[in-house]
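Peer 1: Submitted below is the structure of interest, expressed as structure tokens.
The values are calculated or read from the model by the stated rules, or taken from the named source; none is laboratory data. Here the structure is a predicted model, which is why all the values come from computation and not from measurement. Every residue, glycine as well, gets a Cβ built from its backbone with ideal geometry; the counts of neighbours run over all protein chains shown. With ligands, DNA and RNA removed, areas are computed over all heavy atoms of the protein, side chains included. Shrake-Rupley method; radii C 1.70, N 1.55, O 1.52, S 1.80 Å.
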Amino acid sequence: MAAICCQEAKSPPATAATVATVSASAAAAAVASSVMDRRRRRLELKRFRLASDLEQSAAEYAGARKRPRIPRTVSGPCPDAASASENMDRCPRYGFSSVCGRRREMEDAVSIRPGFLPGSGKSHFFGVFDGHGCSHVATTCQELMHEAVAEEHEKAGSGEGPVWKEVMERSFARLDERAANWATTRSSEEPACRCEQKMPSRCDHVGSTAVVAVVSPIQIVVANAGDSRAVLSRAGVPVALSVDHKPDRPDELERIQAAGGRVIYWDGARVLGVLAMSRAIGDGYLKPFVTAEPEVTVTERSDADECLILASDGLWDVVTNEMACDVARACFRSNGRPEPATAQAQASGEAKASEGVSKAESDRACSDAAMLLAKLALARGSSDNVSVVVVDLRRGS
């Protein structure tokens, strides 16, 4: 006990100066901590504001750049069709859908021209054009192909089978020449095309498939160059009215090799390892291996005809002919059969209400079929643009 008391007695008492020093150090540390906290909060606020601004800018940019993926669907007569009610009655019901799909650019084009032949409202033009490399060749075909067919048909003076073959061949040749001279003949006021902005210019690397149909009361004329396709549904059975022009098709392979070209398998059969089709409008750098000469078929109309489907390969790569016809027939069944038009109804522009469905409902069936086929192609993994035209061929349409 004495020792403890001695040790406590030897310990120096805390001075006022020491206490003041400790208090000052604690206050300084508290001030520094407070300053650091404020700086940290300011930095966090700046980071938050910067992140918010970046997210908003990215959202605005994406919204401005993002292409619509919803299919464009149209049915019924074209706005530029003849306004006479009798011509409308003669025109078959139709609908189409065109969607960009998973591609960055929309390069498909669709052309529908009821009553396009001069002096006759009974022949109707339908076409699907699938561009590659750029869209200007497909757009040119959309705007001019029906005019070329009408002019060549007028020169021929008849619509029989052999003449139609010549008409289509000359029409496709005219569009092919127009595509080759596109860069020099287009208006200087038109905006620069995507292919022109590449260095060097790649205008001759652009082309388009073409499948066109001329539908009249007695026959269906189909001309095709490329891998787009026309399919007729007749009595529940699909009938292919065109055959895809693939480089590995035996006759196409023989033609390409005879011209001095080669078919190289690079992600599928390709002409010179580049183009996945052996016929197309344009593609000047691959001539003469890739030709614009179409294959033409003339099919007589029948009471068993149900519908005609024209589509780009964005549909046919993932959907079979049978499946496409089944979808179209299902839409037609849900809307009923189009009502027949009597001579009196044609003269007055009115339809007989006691039989079948109205024209609006028939139009909706075609539009629904086209839209469902486009959606089906996307659901089955199609990575291309998808364009579909459905024409109602049932009697009374």
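Peer 1: Of all residues being in contact (Cβ under 8 Å) with a residue 40 or more places away in the chain and open to solvent by 40 Å² or more (accessible area, probe 1.4 Å) in region 321-334, which is nearest to V231 (Cα to Cα)? Just the residue, please.
Peer 2: E322
Peer 1: Can you find, within region 373-392, the residue that is farthest from R234 (Cα to Cα) among those that are among the charged types (D, E, K, R) and outside any strand (DSSP E or B)?
Peer 2: Within region 373-392, the match that is farthest from R234 (Cα to Cα) is D384.
Peer 1: So which of V271, V263 is open to solvent by less than 10 Å² (accessible area, probe 1.4 Å) and either among the basic types (K, R) or not assigned by the TED database to the domain that holds T297 (or both)?
Peer 2: Matching residue, one of V271, V263: V271.
Peer 1: If you don't mind, another one. Of everything in region 101-120, what is open to solvent by 10 Å² or more (accessible area, probe 1.4 Å), in contact (Cβ under 8 Å) with a residue 12 or more places away in the chain and either at positive phi or not in a strand (DSSP E or B) (or both)? Give them in sequence order.
Peer 2: Once the filter is applied, which keeps residues that are open to solvent by 10 Å² or more (accessible area, probe 1.4 Å), in contact (Cβ under 8 Å) with a residue 12 or more places away in the chain and either at positive phi or not in a strand (DSSP E or B) (or both), region 101-120 yields R102, R103, R104, E105, M106, E107, P114, G115, F116, L117, P118.
Peer 1: Only one of these conditions is not met by A240: (1) surrounded by fewer than 18 Cβ atoms within 10 Å (Cβ to Cβ); (2) more than 24 Å from the chain's Cα centre (by Cα); (3) at pLDDT 95 or above; (4) not polar (S, T, N, Q). Which number is it?
Peer 2: (2)
Peer 1: Looking only at residues in region 292-312 that are part of a loop (DSSP other than H, G, I, E, B) and of a type in the set (D, E, K, R), which one is most open to solvent (accessible area, probe 1.4 Å)?
Peer 2: Only one residue fits best here, namely D303.
Peer 1: Can you list the strands (runs of 3 or more DSSP E) found entirely within region 231-291 that contain at least 3 residues being touching a residue at least 24 places away in the same chain (Cβ under 8 Å)?
Peer 2: Strands (runs of 3 or more DSSP E) meeting the threshold: 237-240.
Peer 1: When you go through (1) under 17 Å from Y94 (Cβ atoms); (2) at pLDDT below 95; (3) under 15 Å from the mean Cα position of the chain (by Cα) one by one for A311, which number turns out not to apply?
Peer 2: The one condition A311 does not meet is (2).
Peer 1: Continuing with this model, one more query. Can you tell me which residue in region 134-158 is least open to solvent (accessible area, probe 1.4 Å), limited to those that are under 17 Å from the mean Cα position of the chain (by Cα) and farther than 13 Å from W182 by Cα?
Peer 2: Q142
Peer 1: Out of the residues in region 167-186 meeting the condition of being modelled with pLDDT of 85 or more, of a type outside the set (S, T, N, Q) and open to solvent by 20 Å² or more (accessible area, probe 1.4 Å), tell me which one is nearest to K155 (Cα to Cα).
Peer 2: R170
Peer 1: What pairs come up if the first residue lies in region 163-180 and is assigned to a helix (DSSP H, G or I), the second is surrounded by 19 or more Cβ atoms within 10 Å (Cβ to Cβ) and acidic (D, E), and their beta carbons are under 7 Å apart, counting only those six or more places apart or on different chains?
Peer 2: V167/E152; R170/E152; S171/E152
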